[in-house]
Amino acid sequence: MGGPYQTNGNPGMNSNGSYQTGPYQNGPYQNQNYNSFQFNNGYPGGPRMQKKNKKGKRKVILFTVEVLVLLLLAVGLFVLSKVQRFQSDPIEEGNIIINDNISSVESEVLTGYTNIALFGVDARDGIMKAGAHSDVIMIASINNATKDVKLVSVYRDTYLDNTNEEYRKATECYFYGGPERAINMLNKNLDLNIEDYVTVDFNAIATTVDALGGVDIDIQEDEVEHLNNYLVETSQVLGIDSYETIAGPGMQHLDGLHALAYCRIRYTTGDDFKRTERQRAVLQQLFEKAKTMDILTLNNLADELLDMCVTSMTLNEILALVQDIAAYNIVNTTGFPFNSQGQTLPDAGDCVVPKTLSENVLQLHRYLFGTDGYEPSPTVGSISDEIIYRTGIQ
């Protein structure tokens, strides 16, 4: 194999180790005899000394090569350990639904963005595919040119086409069909082009908060009781034996346990709308902190998180995204649908019904991509009409 340590990799060196050109061509003492050498401080600069110097240089070179080989081996083993634990579950080509009747203009706009689905599941036994409930459904939209990031929480109880003309809550797609069906639900109902996802479990949130030094949250009066109630179950999930309850409202520095309990609150005014707002607030703080952390801290965090998440992206795709992490900025966050009405439906229970889906999707594209002339596709229009027919809400 070629490389910098082959003998012919050094300029002017022959395969036998002698030099063709330069100051060492044919040796500095060629055609001289012992009597012609000068003495320096009583020591001859003769052939014996030259031979000893050559041996010393060869030893130094050999030692350097050995050290570099060991370093390369160590790096290789390090990367291999990451790859072996990295949970990549790619979606088969052709299994992603993207509405084929999106206008060509909007399709062109979408190519300037990387849209990724983020799922937070209530996995407590390591299951992060079908069978887990997606308590968090988010869309992260990255402007490829500016690196600006916008986050959209899709309310878990949103009444939508679950990809097969069965109208139920959005969260059910992940439970019955895993991330693939959940992505297709987002694409079909919202005219998006999502192809990749990242799913994390309960433990990942708490671990990240602790690793990055906690988050500062202004706890409201109506959140205190519910946060403390959630601490009971959340501590059991995380295997934490003891903890302190929140004494009262005000600015609090939350560790992983308390931040996760805070993210789960959904019984205050605003229900799931307010809960997703809490989740985005915590996520935004974590993102900003991660941008300032040293590589050792981030590496240690990655080690801990590898077993708590799964993604469709390859390791190279992940590295391509995070190599410029300092350049990314979360510039805005919101929830979807923008306009809605709650309704209890016989086939789906308590739902969040978009008013109307077409109008909400139009607002979504304006928010994410800045497109003013966008018109929802006929597919979205048909779903919107069906939701109006089934619920009477428009």
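The values are calculated or read from the model by the stated rules, or taken from the named source; none is laboratory data. These figures come from a predicted structure and were not determined experimentally. Cβ: placed from backbone, ideal geometry, glycine included. Neighbour counts: every protein chain shown. When the accessible area is computed, the model is the full protein with side chains, heavy atoms only, and any ligands, DNA or RNA have been set aside. Shrake-Rupley method; radii C 1.70, N 1.55, O 1.52, S 1.80 Å.
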In this structure, does Thr333 turn out to be touching a Ser or Thr at 6+ places or on another chain (Cβ under 6 Å), buried (at least 16 other Cβ atoms within 10 Å of the Cβ) and of a type outside the set (D, E, K, R)?
no
Between a residue in the range 320-333 that is among the aliphatic types (A, V, I, L, M) and any residue that is not in a loop (DSSP other than H, G, I, E, B), which pairs come within a Cβ distance under 6 Å, given they are 6 or more apart or on different chains?
Ile330/Val149; Ile330/Gln284; Ile330/Phe287; Val331/Asp148
Regarding Arg366, is this residue open to solvent by 40 Å² or more (accessible area, probe 1.4 Å), in contact (Cβ under 8 Å) with a residue 40 or more places away in the chain and of a type in the set (Lys, Arg)?
no
On the phi > 0 side of the Ramachandran plot, part of a loop (DSSP other than H, G, I, E, B) and either crowded, with 19+ Cβ neighbours inside 10 Å or not aromatic (Phe, Trp, Tyr) (or both) - does that describe any residue in the range 111-121?
no
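Please specify each residue of the range 215-227 satisfying the condition of being part of a helix (DSSP H, G or I), farther than 11 Å from Arg264 by Cα and either without any contact (Cβ under 8 Å) to a residue 24 or more places away in the chain or out of contact with any Gly (no Cβ under 7 Å at 6 or more places or on another chain) (or both).
Glu221, Asp222, Glu225
This table checks each residue for (1) under 27 Å from Thr269 (Cβ atoms); (2) surrounded by fewer than 16 Cβ atoms within 10 Å (Cβ to Cβ).
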position: Val282; (1), (2): yes, no
position: Thr292; (1), (2): no, yes
position: Met308; (1), (2): no, no
position: Leu315; (1), (2): no, yes
position: Ala320; (1), (2): no, yes
position: Ala327; (1), (2): no, yes
position: Pro337; (1), (2): yes, no
position: Leu357; (1), (2): yes, no
Among residues of the range 191-222, those that are more than 28 Å from Asn143 (Cβ to Cβ) and touching a Pro at 6+ places or on another chain (Cβ under 7 Å), counted:
3
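Working only within the range 126-183, note down all residues that are among the hydrophobic types (A, V, I, L, M, F, W, C) and assigned to a loop (DSSP other than H, G, I, E, B).
Ile127, Met128, Ala130, Ala132, Ala145, Ala170
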Out of all the residues in the range 267-283, which are polar (S, T, N, Q) and in a helix (DSSP H, G or I)?
Thr276, Gln279
Condition broken by Tyr267, with the remaining ones in (1) in contact with an Asp or Glu (Cβ under 8 Å, 6 or more places away or on another chain); (2) open to solvent by 50 Å² or more (accessible area, probe 1.4 Å); (3) among the aromatic types (Phe, Trp, Tyr) satisfied
(1)
Hey, Ala247 hits all of (1) more than 20 Å from Asp216 (Cα to Cα); (2) loosely packed, with under 15 Cβ neighbours inside 10 Å but one; which does it fall short on?
(1)
Per the filter on the range 170-218, residues among the hydrophobic types (A, V, I, L, M, F, W, C), open to solvent by 30 Å² or more (accessible area, probe 1.4 Å) and closer than 23 Å to Ile127 by Cβ are Phe175, Val198, Val200, Ile205
Count, please, the residues in the range 375-394 that happen to be open to solvent by less than 10 Å² (accessible area, probe 1.4 Å) and either under 15 Å from Asn187 (Cβ atoms) or hydroxyl-bearing (Ser, Thr, Tyr) (or both).
4
Pick from the range 197-241, criterion of a type outside the set (A, V, I, L, M, F, W, C), in contact with a Ser or Thr (Cβ under 9 Å, 6 or more places away or on another chain) and under 27 Å from Glu180 (Cβ atoms), ranking: modelled with the lowest pLDDT
Thr199
Residues of the range 127-161 that turn out to be within 24 Å of Ile383 (Cβ to Cβ) and in contact with a Pro (Cβ under 9 Å, 6 or more places away or on another chain), as a count
7
When every residue in the range 134-148 that is surrounded by fewer than 20 Cβ atoms within 10 Å (Cβ to Cβ) and not small (Gly, Ala, Ser) is compared, the one farthest from Asp122 (Cα to Cα) is Thr146
Number of the condition not met by Tyr243 [criteria: (1) touching a residue at least 24 places away in the same chain (Cβ under 8 Å); (2) over 30 Å from Ser88 (Cβ atoms)]
(1)
So which of Arg280, Arg264, Arg275 ends up being free of Cβ contacts under 8 Å to residues at least 24 places away in the same chain, in contact with a strand residue (DSSP E or B) (Cβ under 9 Å, 6 or more places away or on another chain) and not aromatic (Phe, Trp, Tyr)?
Arg275
